[in-house]
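The values are calculated or read from the model by the stated rules, or taken from the named source; none is laboratory data. Remember, predicted model here, so these are calculated numbers, not experimental data. All Cβ positions, glycine included, derive from the backbone under ideal geometry; neighbour counts span all protein chains shown. Protein only, heavy atoms only, side chains kept; ligands, DNA and RNA dropped before computing areas. Shrake-Rupley method; radii C 1.70, N 1.55, O 1.52, S 1.80 Å.
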Amino acid sequence: MANPSNRPIGKSGWGRTLGAAAVSIVYFFPVLYIILTAFKTRQDALAWPVKFIFTPTLENFVSVFYRTTVEGGAAEATGFGLYFFNSMFIGGTSVLLALIIGTAAAYGFSRFPLRGNETYLFMILTTRMMPPIIAIIPIFVLFRIFGLSGTYVGIIALYTAFNLPFSIWMVKSFFDDLDRDIEDAARMDGSSEFRLFRKICLPQVYAGLAATFVFAVILTWNEFVFALLLTGTQTRTVPVQIVRTIGGAIGVDWGLLSALETLFIIPVVLVTFALQNQLLRGVTFGTIRR
Amino acid sequence: MELTISGIAKRFGAVEALRGVTLAVQPGEFFAILGPSGAGKTTLLRIIAGIDKPDDGTVLIDRRDLSQIPVRSRNTAMVFQTFALYPHLSTFENLAYPLREARVPGDEIKRRVGEIAEMLRLTHTLARKPGTLSGGEQQRCAIGRALVRRPQLLLLDEPLTNLDAKLRHDTRAEFKRLHRELKTTTIVYATPDQLEALSMGARVGVLNHGKIVQVGTPSDLYEMPGDDFVASLVGDPPINLVPGTLRAGAGGPSIDMPFLGLDAAPWRKSLNGFPAGTRLKVGLRPQAIWPRGGSEKGPVFPARVFLTEPLGDVTILDIVVGGDTRLRMVLPQEQAYKIAVNDAIECSIDLEQVCLFTQDTGTAISRAGVEAAA
Ligand SMILES: Nc1ncnc2c1ncn2[C@@H]1O[C@H](COP(=O)(O)OP(=O)(O)OP(=O)(O)O)[C@@H](O)[C@H]1O
Ligand SMILES: [Mg+2]
């Protein structure tokens, strides 16, 4: 990409840096506020004006795992560990499945177009055009009939299905953007169709796959409505648990809620961070070559 | 490897990219395909490579139909116009790829890649990915990947287009050396650059709008272009094409140009069938026009210098003759330095180097005793 000024790339002026910092803070402030609140006592959390200097406490994080739920009762395990595991397991598995199936489908759509290819692709996309909630009743009934309610298989299958259209479209666009001469070169070098996919095409879209993975993880990680209706006590995910924490006899416990959310965003932040470089290359695909 | 192409046609929707291409390339020959952008060079090479199928016609390799030969035993390699290096693999792995696909043992791969890298001066780049190589290195890598399999047929699609002038020059020499060293490898080299085609090709096929218009040695094409298209493609600076009219006279036919009458005696035989008044194109090579200097090989005419373009050793002069006809001529520097813009000079034409074409079809009219190359 052209560098319009004469400054070496990577060294912006102070003005720009400060501007960028200001915008970042506006975006990041809610997250920061939640993290700070997670370390506040109940009094500090409700204090007005807002306290930015306070003595941090871990009591909220303890309450995430053990707390009294009935007034006057003893502290008991909340099952958060299980729900956290559920979120990761269900989210991770369904996104991976969608990515694998989606990549295969995308390669097919891109390289071996069917008669009416565009129509199929459009139909795949239409499933995402309406709010998913519209399908809730039939899905709910289906789950009842097949005994999928409250099972891992059910919710993973559902999330996989929801992630598929997005995965297919994203990954197909990455395959479409590849230089076809490279494949012809590989064919002349003696590659079979499978080796072409495995050794030539797939490695070139790794960055795109990573980007697709992160987007799908974020969407799935935050999914609430279907999780609320279709998971059971054993398969409950964190968003459901967060909402269940909001109620209660003694009003909203902001500190506890913030602690939950702080823990909740850690995996997404880690995944995004780990794939940062790939992500940047993935989302800018086509504008920056190589 | 012998290559015989007959009647190849290929269309993309409304575009007729190839319209019946017929060619025979001898085993071990360096054959150049010369054609302007869009002529169909890449399309033709892709068909010879077996990547695309022609709509019509056949490609025979050593008299066997290409479509009957499995990809692995074709022994054909191609250097793509876009290089088409594998961006996710290092130079080493790019060079090794064809060998890996052919299941060559690991230590032999190492040895052969090492040799090729050495020969193409790529050794220092072996660990790096193509994106970090310079244009010249990428190009050599693409050539290396094609050579490492020791192909019997090597297809090169404008391999020098992305290089700077000096590197082009060096690499032209490199290709000729390579061809000598490889001995039996047949090379088909496509280029829009007449200098590349003429300097490297033992024979050159000129492609225009999907048709081969002439095949011949470089000197054939230069001295006896089959039509005005070939004439204007071959030679640098391009040939001057001046309109002329055929006149019958008592002393034989002559040609009227706006600034000069030419004795048409050398073409008399071929002009027999043409009535007086036939419109012609006269091809005057810039190298065939000289300032008057005592030993004229043709008629003399006055001119005014319009523009000078000094190129170091030679100078290109644009002159105006007979009112508004512009001609280009080239002179060695030692003759050109005295001539300035707007000077009135006298020039002469070397009649031996004049070519004649019909106005309507552009077909060459041959001189007596000389058959124009088909
Ligand atoms: N895949 C395609 N789809 C449609 N038209 C095509 C396709 N490939 C080539 N053409 C057309 O066929 C004609 C010949 O193209 P080709 O690429 O063979 O030209 P070329 O001689 O290689 O030109 P250049 O020197 O610019 O590379 C052009 O008019 C081009 O637009
Ligand atoms: Mg081309």
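Descriptive notes on the structure:
- Helix B:165-182 axis, angle to chain B major axis (alpha carbon atoms, nearest 10°): 60 degrees
- Counted charge near B:Val21, where neighbours are those whose Cβ lies closer than 11 Å (Asp, Glu -1; Lys, Arg +1): +3
- Degrees between helix B:135-147 axis and first principal axis of chain B (Cα, 0 to 90, nearest 10): 70 degrees
- Heavy-atom accessible area buried between chains B and A is around 1700 Å² (1.4 Å probe, both sides summed).
- Neighbour net charge for B:Ala202 - beta-carbon separation under 13 angstrom, K R +1, D E -1: +1
- When restricted to Cα atoms, the range B:225-370 yields an Rg and a Dmax of 15.3, 47 Å, respectively.
- Taken over the protein assembly as shown, the alpha-carbon convex hull comes to 264 cubic angstrom per residue.
- Normalised by the number of residues in the range B:3-225, the mean separation of alpha-carbon contacts (under 8 Å, six or more apart) gives a relative contact order of 31 percent.
- Proximal aspartates and glutamates to B:Lys269, defined as alpha-carbon separation beneath 13 angstrom and excluding residues fewer than eight positions away on the same chain: B:Glu371
- Pairs over the 31 Å Cα-Cα cut-off, from the set B:Lys129/B:Lys166; B:Lys129/B:Lys176; B:Lys41/B:Lys183; A:Lys199/B:Lys41; B:Lys10/B:Lys129; A:Lys172/B:Lys166: B:Lys10/B:Lys129; A:Lys172/B:Lys166.
- Delta accessible area of at least 40 Å² on complex formation, residues of the range A:155-190, 1.4 Å probe, chain isolated as reference: A:Asp181, A:Ile182, A:Asp184, A:Ala185, A:Met188, A:Asp189, A:Gly190
- Whole-Hz couplings from phi, Karplus 6.51/-1.76/1.60, listed for the range B:353-364; x for Gly and Pro: 9, 7, 10, 10, 10, 6, 6, 7, 9, x, 5, 6
- Averaging the Cα positions of each part gives two centres, and for the range B:5-60 and the range B:114-177 these lie 24 Å apart.
- Farthest towards the positive end of the charge dipole of the protein assembly as shown, among the residues A:Thr245, B:Thr132, B:Ala364, is the Cα of A:Thr245, using unit charges on the Cβ of Lys, Arg, Asp and Glu.
- Here A:Ser149 sits with roughly 50 square angstrom of accessible surface, probe radius 1.4 Å.
- Per-residue 3J(HN,Hα) values for the range A:119-128, derived from phi via the Karplus relation 6.51 cos²θ - 1.76 cosθ + 1.60 with θ = phi - 60°, read 4, 4, 4, 5, 4, 4, 6, 4, 4, 9 Hz in sequence order (x marks Gly and Pro).
- Note on exposure: B:Trp267, A:Trp254 ranked by accessible area (1.4 Å probe, complete protein assembly) read A:Trp254, B:Trp267, with the most exposed listed first.
- Summarised in one figure, the compactness ratio Rg/Rh of the range A:80-283, Cα atoms and Kirkwood Rh, is 1.05.
- Computed in the context of the full set of protein chains, the accessible area of the protein assembly as shown at 1.4 Å probe radius has 61% of its extent on carbon or sulfur.
- Over chain B, DSSP H runs of length four or greater, each weighted -39,500 (n - 2.57), average out per residue to a 222 nm ellipticity of -7000 deg cm²/dmol.
- Taking the longest Cα principal axis of chain A as reference, the axis of helix A:136-146 is set at about 90 degrees.
- Drop in accessible area of at least 10 Å² in the complex versus isolated chain, residues of the range B:96-128, 1.4 Å probe: B:Tyr97, B:Pro98, B:Glu101
- Considering only B:Asn208, B:Gly38, A:Val62, and ranking their Cα positions along the charge dipole of the protein assembly as shown that arises from unit charges at the beta-carbon of Lys, Arg, Asp and Glu, the one farthest toward the positive end is A:Val62.
- Summary value for chain A: 28 percent relative contact order, contacts being C-alpha pairs under 8 angstrom separated by 6+ residues.
- Mean ellipticity per residue at 222 nm, deg cm²/dmol - from DSSP H runs of n ≥ 4 across chain A, formula -39500 (n - 2.57): -20500 deg cm²/dmol
- The largest accessible area among A:Val205, A:Val269 belongs to the first residue in A:Val269, A:Val205, and the rest follow in falling order (1.4 Å probe, all chains).
- Share antiparallel - DSSP beta bridges, the protein assembly as shown, percent rounded to 5: 75 percent
- As a length-normalised measure over Cα pairs under 8 Å and 6 or more apart, the relative contact order of chain B settles at 16 percent.
- Solvent-accessible surface of the protein assembly as shown, taken per residue with a 1.4 Å probe and all protein chains present: 50 Å².
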